[in-house]
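Every number in this text was worked out from the coordinates using simple rules, so none of it is lab data. What you see is a predicted model, and the numbers here were worked out from it, not measured in a lab. Using ideal geometry, Cβ is built from the backbone for each residue, glycine included, and neighbour counts are taken over all protein chains shown.
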Amino acid sequence: MTTREVGIGIVGYGMMGKAHSYGYTVAPLMRQLRCRPVLRVMSGRNKERVARAAAAYGVASWVGDWQALIDRPDVDIVDICTPPGTHAEIARAAAAAGKAVICEKPLAVDYAQALSAVAAVTNAGVLNAVGFNYRRLTAVSLMKRMIDEGAIGQMRLMRASWLSDEFVDPAIPFDWRFDVEQGGTTISDLGSHLFDMATWMAGPIAEVSGQSETFVPERSGKRVTVDEASAALVRFESGARGVFEMARTAVRRPCDFTIEANGDRGTLVFTYARLNELLYGDGSDRVELYGMRRIRAEHPSHPFASDWWPIGQGVGYGASFVNHLGDLLERWPDGPWEPDFERGAAVQAVCDAVEVAAAGHRWVRVAEVTATAVP
Ligand SMILES: NC(=O)c1ccc[n+]([C@@H]2O[C@H](COP(=O)([O-])OP(=O)(O)OC[C@H]3O[C@@H](n4cnc5c(N)ncnc54)[C@H](O)[C@@H]3O)[C@@H](O)[C@H]2O)c1
């Protein structure tokens with residue numbers, strides 16, 4: 001086995017800079033890879049902070065701006081962990097330099113920006129991936145596999161919600177998350193994960209409705225330009241129906257997301273607070289067994305589980321990054337990588353459609369967004 005080195009440059013040193021550093025560090029420990037990721041450089045505008053973070057996360061060096069990171073000849077993969085409003089510009093620059101690009105979700109703050117990133121990586125012919133990491137939790141991946149294998153029959157309903165309390169306190173000072181140009185909406189911040197998982201499992205969304213609210217309109221004397229809580233009804237192209245809710249104003253809900261699929265023969269329910277489990281209701285069970293069985297989604301037969309600990313030990317949030325980045329590294333340098341930028345843009349189109357629907361109090365076809373966008 002050869003162990004070719006792959007140079008990683010991480011843009012941003014915040015929570016995702018840390019999570020991705022963790023993923024690259026642990027992936028080679030948990031599975032055999034044909035390449036060895038080397039954390040070469042991290043970029044950040046605050047020199048003291050980026051220097052401290054690079055040292056703590058095991059990154060060999062740091063630079064003060066992301067273009068300098070992209071320009072480094074020893075960087076093969078540019079991994080973007082900055083606010084959504086910066087993603088497309090950094091991705092375009094990385095692609096123009098011939099670098100593979102991994103970008104945190106959402107791919108951009110609107111579909112037009114997302115398209116510009118897709119065009120850049122397509123024209124440059126570089127590998128590209130979006131950070132929809134939750135797909136690669138064992139239980140979520142198992143849910144998708146069971147749906148594909150027919151465990152619930154024909155999909156009828158998909159419901160998903162993401163509740164957090166990060167915006168509850170009006171004293172939380174203004175930062176990029178409250179600025180729609182930098183952070184994007186709550187629809188795309190939380191909803192992009194939900195729409196990615198839902199469309200991965202149930203196919204494309206055809207049309208959406210929407211409603212949005214901002215309860216604290218001003219912070220630190222600045223106007224909040226994002227929704228704090230939104231919801232959408234959706235119709236999938238398959239004819240299945242869906243209900244989605246994303247809110248950062250739910251008291252004592254830290255990061256609670258659920259996703260449930262009801263088919264004509266069964267039900268599957270994933271709850272993030274119990275991430276090593278999947279509930280399964282099988283309509284063909286004897287009636288005396290009416291109810292849901294709790295699958296321990298950590299059996300070696302389940303996706304990714306054999307890379308981890310013996311059944312019963314469980315995994316956490318970090319495993320999603322290890323599994324995600326491990327999959328991408330396993331396919332280095334030929335690919336394919338998925339979910340890719342095209343997928344990220346398709347999810348962004350759904351988010352944009354919900355925003356338009358909420359603003360206009362009407363149903364909006366996703367095709368309305370994709371047909372009119374100019375990158
Ligand atoms: N997949 C997940 O589970 C997950 C979780 C949280 C955040 N995210 C996404 O990751 C991205 C980063 O979020 P985070 O929580 O790490 O944020 P963070 O605030 O912790 O860190 C952001 C980083 O970007 C830098 N930054 C801020 N503005 C910048 C600018 N204009 N130009 C260049 N750098 C800038 C900051 O200095 C910091 O290093 C966002 O897109 C967010 O939606 C994903």
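Cβ crowding within 10 Å ranks Met158, Met42 as Met158, Met42, fewest other Cβ atoms first.
Take peptides 334-340, 234-240 and line them up by average Cβ neighbours within 10 Å, highest first, as a rough protection proxy.
Values: 334-340: 14.9, 234-240: 18.0.
Order by mean packing, descending: 234-240, 334-340.
May I ask you to sort Val369, Val109 by Cβ crowding, counting other Cβ atoms within 10 Å and putting the fewest first? Don't jump to the answer; show the numbers that get you there.
Working: Val369 22, Val109 27.
Ordered by Cβ neighbours within 10 Å, fewest first: Val369, Val109.
Under a 5 Å amide H cut-off, with hydrogens placed 1.01 Å from N, Ala206 pairs with Arg235, Phe236, Glu237 among residues at least 5 apart or on other chains. Once the mean of 1/r is taken over each pair of separate Cα atoms and inverted, the chain shows a Kirkwood hydrodynamic radius of 21.3 Å.
Can you tell me the dipole magnitude for the stretch 227-375 around its Cα centre, using point charges on the Cβ only (Lys, Arg +1; Asp, Glu -1), in Debye to the nearest 20?
Numbers: 15 positive and 22 negative charges, 107 e Å.
For this selection, approximately 520 debye.
For the pair Arg274 and Asp334, label points projected 7 Å from Cα toward Cβ lie 4.2 nm apart. Starting from one equal scatterer on each C-alpha and no solvent at all, send me the Debye-based log10 I(q)/I(0) for the stretch 177-239 at q = 0.19 Å⁻¹, two decimals. So the normalised log intensities are -0.75.
Per-residue extension of 0.36 nm, minus the Cα-Cα distance of Asp169 and Trp309, leaves a gain of 46.6 nm for this segment. Toward the positive end of the charge dipole of the stretch 207-273, with +1 on the Cβ of Lys and Arg and -1 on the Cβ of Asp and Glu, the farthest Cα among Gly221, Ser209, Leu233 is that of Gly221.
Explain nothing, just the number: dipole magnitude of the stretch 1-54 about its Cα centre with +1 on each Lys and Arg Cβ and -1 on each Asp and Glu Cβ, in debye rounded to the nearest 20.
On the way: 10 positive and 2 negative charges, 7 e Å.
So the magnitude is around 40 debye.
A Förster distance of 51 Å, applied to the separation of the beta-carbon atoms of Glu218 and Arg286, puts the FRET efficiency at 0.30.
Annotation: Cα Rg of the stretch 17-172 relative to the compact-globule expectation 2.2 N^0.38 Å equals 1.22.
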